[in-house]
Amino acid sequence: MAGVTAEEELDSAGEPAEQALRPFAHVHAANAHLYRRVMGAFATAKRRFTIHLRPEDVLDHLTATGDDPPDQGVVVDALTKLEEWGNLRADPDTSRVTTVEDFHRARYLYQMTREGAAAEAALTAYDEALGRRGALQRVALSDIAAQLRSLLALARAAESDEAVAYLTFESLATRFDELADNAQSFMASLQRTIDLHDAEIEAFLAYKDRLIDYLEQFIKDLVSTGAEIANLIQQLDEAGVGRLLDDVAHRAGRDIAPDETEDFAEREFARQRLLWAERWAGFHDWFLNSPGHPSQSSLLRTQARAAIPRLLRVVSVLNDRRTGRSDRSADFHALAVWFAEAPDEEAIHRLWRAAFGLQSSRHLTVDADTLEARDAAPVAASVSWTAAPPIEISPRLRQTGHYERRGKPNRVIDRSEQRRFLAERAAREAAQTATARDALLAKVGQRAHLSDVGRLDPHAFRLFLGLLGAALAAKTPGRSEVEATTSDGSLTITLTEVDGAGTAEIRTDAGVFRGPDHLVHVIETRGRRPAAGETETREPAVEAAR
């Protein structure tokens with residue numbers, strides 16, 4: 001880099017400075033495939049606990065794993081570029097120097113830098129995530145339950161084992177991450193399978209039975225094992241899971257290299273403790289419901305259950321297509337074929353109007369003169385409306401936006417006879433109601449037994465039955481007396497139980513009404529008509545259903 005000294009380009013460890021590193025540059029380079037294979041060789045060596053590789057070692061790996069091995073010079077050039085980008089570090093190889101000429105010849109041992117290892121891990125994780133098909137891991141649920149039982153035994157023990165607790169929590173977190181990631185990937189791939197069912201119909205129909213059985217088995221295991229896991233989590237909370245989290249945080253922070261500050265151990269413990277507390281809270285959210293927030297396992301179970309009807313609907317659509325029954329997708333495909341086979345544009349326009357109901361504007365007036373002019377001078381459909389001959393419209397349409405044909409207005413219909421009939425009917429009904437009220441007040445205007453009411457005409461009985469129903473609806477256990485008022489507030493009924501009462505009967509034209517005998521009293525609370533020589537008075541209003 002121009003204007004930058006060698007000392008500025010190197011950090012204290014002798015590696016390129018961070019601002020000059022480009023560990024992902026090989027992904028977009030011209031020979032990206034070769035660079036990825038070379039970095040794969042170093043990743044494989046790292047898994048085998050091998051630190052350094054010579055160029056010939058890299059070439060041997062590429063020859064063993066590829067069909068087209070490159071030349072050694074190409075490999076050396078690739079190693080040099082990866083070193084420039086910061087993925088590799090080159091150290092002089094003096095182990096095989098036997099002469100002065102060998103000493104002056106460039107020989108290097110290569111190893112991945114920290115940045116190169118991080119970039120390779122990120123690219124590997126990216127490739128795995130894209131290629132992961134996903135699965136609903138029923139075995140993972142059993143493993144999580146077994147690990148939680150082990151943690152519960154540790155929590156209940158008098159003395160806990162930090163090493164065992166740490167390993168168990170690490171295994172639990174790893175297994176849980178796999179369960180969550182695979183479940184998410186599976187549900188996404190399942191939705192894509194449902195959406196893309198048109199690709200291979202026969203394969204999908206053969207696959208759907210196994211898929212539905214797979215979903216049903218997972219739902220059953222999630223219900224049973226998920227309930228056990230939720231119970232174990234609650235028992236761990238009661239047994240004191242915080243002590244185990246403290247042990248795990250202490251264990252995780254012991255191998256951290258010290259920094260320049262004295263409280264690095266406390267800070268590292270606090271960081272690890274917060275990390276494991278968040279993971280434990282994630283276990284809670286996955287398997288335990290909270291008010292207003294269903295657990296993730298419940299949501300996953302709901303999605304899995306909802307996938308089964310969707311699969312069955314897809315199967316029904318596919319069966320309809322196989323049996324020749326039409327649907328919207330097939331109709332549009334057939335229509336597209338017709339458009340493609342149309343002989344000319346006029347046929348295409350006629351097909352469009354027939355398929356989609358495209359008609360002329362209803363508000364435009366086209367008379368015989370207009371049609372004759374158009375027949376004499378046809379206008380193609382491709383002509384813009386600005387260049388086409390104008391069409392005359394009504395001035396009323398232009399002024400008001402409405403078009404009405406000329407003519408006398410519609411005759412006004414005389415409704416006086418209907419209004420007179422309705423008024424007479426209302427008067428008769430009001431008179432019947434007043435007569436029924438008077439008849440009812442004459443029977444129970446004073447406190448009386450139901451058995452003493454006697455016979456009632458149909459209108460009075462209907463009114464009395466409504467009052468009695470309102471009183472019984474307002475009655476609650478333990479109350480011997482209840483009051484109720486009609487909706488218009490004109491009548492109030494008081495109903496009182498009678499000890500040792502028998503059965504009361506009220507005879508009407510429709511039959512005999514029977515029920516337990518009560519004391520009943522009906523009073524008029526408003527609108528009472530005064531008798532001859534009596535001053536009009538009004539009873540106070542009574543609350544309905546005290």
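Between the beta carbons of ASP209 and PHE24, assuming R0 = 51 Å, the FRET efficiency works out to 0.70 to the nearest 0.05. Listed by chain and number, the lysines whose alpha-carbon sits under 30 Å from that of LYS46, ignoring those within fewer than 8 places in the same chain, are LYS81. Residues in segment 327-353 near a label at SER382, defined as backbone nitrogen under 20 Å from the 7 Å Cα→Cβ point? Zone members listed by number: 339-353.
Along the Cα-to-Cβ line of THR124, 7 Å from the Cα, sits a label point; which residues in segment 42-84 have backbone N less than 14 Å from it? Only 42-51 pass the distance filter. Between VAL498 and ASP68, the distance separating the two model label sites (each 7 Å from Cα on the Cα→Cβ line) works out to 11.0 nm. Multiplying the residue separation of ALA188 and LEU275 by 0.36 nm and subtracting their alpha-carbon distance yields 28.5 nm. Taking 20 Å as the straight-line reach from the Cα of LYS220, the lysines in range (excluding those fewer than 8 positions away in the same chain) are LYS208. Structural descriptor for segment 436-512: relative contact order 34 percent, calculated from alpha carbon pairs under 8 angstrom and at least 6 residues apart. A protection proxy built from the mean count of other Cβ atoms within 10 Å ranks the segments 468-479, 174-185, 77-88, most packed first, as 77-88, 174-185, 468-479. Using the Cβ-Cβ distance between ILE51 and ALA334 with R0 set to 51 Å, the FRET efficiency works out to roughly 0.15. Remark: TRP280, TRP385 ranked as TRP385, TRP280, counting other beta-carbon atoms within 10 Å and listing the fewest first.
Read-outs: derived from the displayed coordinates by stated rules, not from any lab. Remember, it's a predicted structure, so these values are computed and weren't measured experimentally. Cβ: placed from backbone, ideal geometry, glycine included. Neighbour counts: every protein chain shown.
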